[in-house]
């Protein structure tokens, strides 16, 4: 079993016990990818990607609706310090915030990373909203 399959099995076991709302996308071509199915207006993604001669990367992403373009979220993301690699992508109808780490720097389980990355990103989103209202 190679490393990406080991982490996939670990993630599947953990989500079956603690977060069963994740569903794997069967046709994702660059490793493994899951979507969280919840009733909120945000979309969550988690993926494991490994390119040839590169380490395995874990990434958590949240898709925010277009209304967040009217906040100062980009300034908040630029100024934050994180142990993860944070990125923000603007699209015409949404913003995608991502948090990524190489397993070479991973110090917790895959679900531990997902929960910590999700917490950091949600803090950023609420910081942007609070700062805009001040």
Return the residue satisfying two criteria in turn: it lies in segment 98-117 and is closer than 15 Å to residue 87 by Cβ and out of contact with any helix residue (DSSP H, G or I) (no Cβ under 7 Å at 6 or more places or on another chain), and of such residues it is surrounded by the most Cβ atoms within 10 Å (Cβ to Cβ). 117
Taking segment 1-28, which residues are touching a strand residue (DSSP E or B) at 6+ places or on another chain (Cβ under 8 Å) and touching a residue at least 40 places away in the same chain (Cβ under 8 Å)? 4, 7, 8, 11, 15, 19
Given (1) surrounded by 11 or more Cβ atoms within 10 Å (Cβ to Cβ); (2) within 20 Å of residue 108 (Cα to Cα), index of the condition residue 20 fails: (1)
Has segment 29-42 got at least one residue that is surrounded by fewer than 19 Cβ atoms within 10 Å (Cβ to Cβ), free of Cβ contacts under 8 Å to residues at least 60 places away in the same chain and in contact with a helix residue (DSSP H, G or I) (Cβ under 7 Å, 6 or more places away or on another chain)? yes
Selection within segment 50-92 - free of Cβ contacts under 8 Å to residues at least 40 places away in the same chain, closer than 16 Å to residue 110 by Cα and either in contact with a helix residue (DSSP H, G or I) (Cβ under 7 Å, 6 or more places away or on another chain) or crowded, with 18+ Cβ neighbours inside 10 Å (or both): 61, 84
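Each reported figure results from applying straightforward, stated rules to the coordinates on display, with no laboratory input. Values in this document were obtained by computation on a predicted structure and should not be read as measured data. Because the Cβ atoms are built from the backbone with ideal geometry, glycine has one as well, and the counts that use them run over all protein chains shown.
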